[in-house]
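The structure appears below as structure tokens.
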Amino acid sequence: MLFPKYPSTKNEYRRNSPPQATVYYLINYIDTKLFYMINRTAAHPLADILMPFFSYLGNYGAVWLILGLIGGTQNDRGIEQPFGIVLLSLLTAHLLTEGLIKPFFRRSRPFETLPQTRLLISKPPSSKSFPSGHALTSYTCATILSHLYTGLAPYFYFLAGCIALSRVYVGVHYPGDVIAGKEMGLLLGSLIKYRLNINR
């Protein structure tokens with residue numbers, strides 16, 4: 001198991017002092033502290049409404065498919081190009097995360113291992129935690145759509161950021177999962193853009 005149960009408190013970390021403690025455990029300790037800062041310390045009644053909403057927007061990439069459809073009706077390129085590319089991007093990202101990366105790392109989700117987690121969605125995911133699929137798909141699609149509609153790029157990336165952050169706030173991902181998903185999504189979006197030779 002590449003992501004074993006790691007120290008969640010400073011005392012627990014100290015009990016795993018060298019030679020047991022490694023940089024790996026230190027990173028996971030910091031990841032846990034950042035998770036609690038976002039999930040608990042930064043809790044606010046308004047955010048408790050908005051963050052689950054953004055999280056649900058990212059489910060199955062539906063919001064990106066809708067944006068692809070809308071974008072296709074606003075110019076002469078037709079619906080097929082933006083919608084088809086977004087659909088291809090979503091399928092590629094899903095296969096990459098669920099079929100390869102998550103089964104390899106097998107990291108448990110925070111609500112499964114951290115007892116003080118605030119879980120704010122009614123149906124938490126059953127798949128593994130690393131990386132965040134929502135972050136990866138959102139940044140992949142934001143990269144593609146930003147290339148097609150450059151004037152809207154800030155809005156696409158803002159939406160992707162809100163969806164990614166929401167996954168930590170609602171208690172289903174660590175910050176490290178989201179950061180990794182973001183970077184992978186940016187890379188995947190750029191590769192798809194290059195491979196398909198997408199023109200504006």
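Quick note: the coordinates plus some simple rules give every number you see, no bench work behind them. Remember, predicted model here, so these are calculated numbers, not experimental data. Note: ideal-geometry Cβ built from the backbone for every residue, glycine included; neighbour counts use all protein chains shown.
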Based on other C-beta atoms within 10 Å, arrange 86, 63 from fewest to most. 63, 86
Send over the semi-axes of segment 79-169's equivalent ellipsoid, whole angstrom and largest first, taken as the square roots of 5 times the C-alpha gyration tensor eigenvalues. 27, 16, 9
Gain in span if fully extended, residue 94 to residue 30, counting 0.36 nm per residue against the direct Cα distance: 20.3 nm
How much length is gained on full extension from residue 127 to residue 105, taking 0.36 nm per residue of separation minus their Cα-Cα distance? 6.8 nm
Solution diffusion estimate, µm²/s, Stokes-Einstein, segment 44-195, Kirkwood Rh from C-alpha pairs, 20 °C, viscosity 1.002 mPa s: 138
Report the FRET efficiency, 1/(1 + (r/R0)^6), for residue 190 and residue 37, where r is their Cβ-Cβ distance and R0 is 35 Å, rounded to 0.05. 0.70
